[in-house]
1. Kindly provide the helix-only [θ] at 222 nm of the chain, computed as the sum of -39,500 (n - 2.57) over DSSP H runs of four or more divided by all residues, to the nearest 500 deg cm²/dmol?
2. At 1.4 Å probe size, what's the solvent-accessible area of I67? Round to the nearest 10 Å².
3. Hey, in the GNM for the chain with a 10 angstrom Cα cutoff, which one of F78, F63, F20 fluctuates hardest?
4. For Cα pairs less than 8 Å apart in space and 6+ apart in sequence, what is the mean separation divided by the residue count of the chain, i.e. the relative contact order in percent?
5. Once you have a ≥ b ≥ c as the square roots of the Cα gyration tensor eigenvalues for segment 102-193, tell me rounded if a/c is under 1.5, and otherwise prolate or oblate according to whether a/b is larger than b/c.
6. Tell me, what is the per residue accessible area of segment 151-207 in Å², probe radius 1.4 Å?
7. Compute the relative contact order of segment 9-62 as a whole-number percentage, counting only Cα pairs closer than 8 Å that sit 6 or more residues apart in sequence.
8. How would Y93, Y32, Y3 line up by accessible area, probe 1.4 Å, largest first?
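The values are calculated or read from the model by the stated rules, or taken from the named source; none is laboratory data. As the structure is a computational prediction, the values presented were derived from the model and not from experiment. For the accessible areas, the whole protein counts, side chains as well, though only heavy atoms, and no ligand, DNA or RNA atoms are used. Shrake-Rupley method; radii C 1.70, N 1.55, O 1.52, S 1.80 Å.
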Amino acid sequence: MIYTFNGNESYAHAYMICRFGHCLLIDPNINYSEIESKLGDQILDGILLTHAHSDHTSLIHLFNVPIYVHSDDAALLFEDKYNGYSKDNPRPYVRKQLNIQTIEDQVKIPLADHEVVVFHTPGHTKGSVSFLYQKYIFTGDTLFKESVGRHDLYSGNLFDLKRSVLKLIDDLNDNIIIKPGHDDTSTIRNERKNNPFYIKWKKQGKI
């Protein structure tokens, strides 16, 4: 079961994957009461972060579970100069509250009898990742419907973003459903045919 908690102009979408009474929460930042309602009596095994920007992380301290974040973004959780938190938007968590577990490319995070596979997809941030679960890929701010994430923020890199987008769209099956951090759901097939950034970068040749 996949639950979607829709974001708005200030916050990204959050998602929850549940299987046989166990759940993983992706980028919790909005609709805490709705998340709690959907979770119900199920067991939350962990939080998965696609990256460490504030619009993806503002609820992470409210769940007493391991928080999985790529090693290249773990420090960014607390670097308010770069992560989006500020005097007007104070960081709601402190380091001692969090059980941080760093992850790397191709790490497999168990969920009941299945697993979530980590894809390191840098470009938006150095430690951005996407999470593959069955026929779904949760892409954070790397890949959107017919668009891509920005690369001009701290630790962002256009070269890395190009390589990550090409890797995702070229390597994944057409039928994989894209669950991005913002905007609408898509599929790998649609992005291969209609994403102008992918089409342009593909024509430029292999990176």
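1. That comes out to -5500 deg cm²/dmol.
2. That residue has around 0 Å² of solvent-accessible surface.
3. F20
4. Averaging sequence separation for qualifying contacts and normalising by length gives 14 percent for the chain.
5. Since a/c reaches 1.5 but b/c is at least a/b, the shape of segment 102-193 is classed as oblate.
6. 57
7. 40
8. Heavy-atom accessible area, descending, gives Y32, Y3, Y93.
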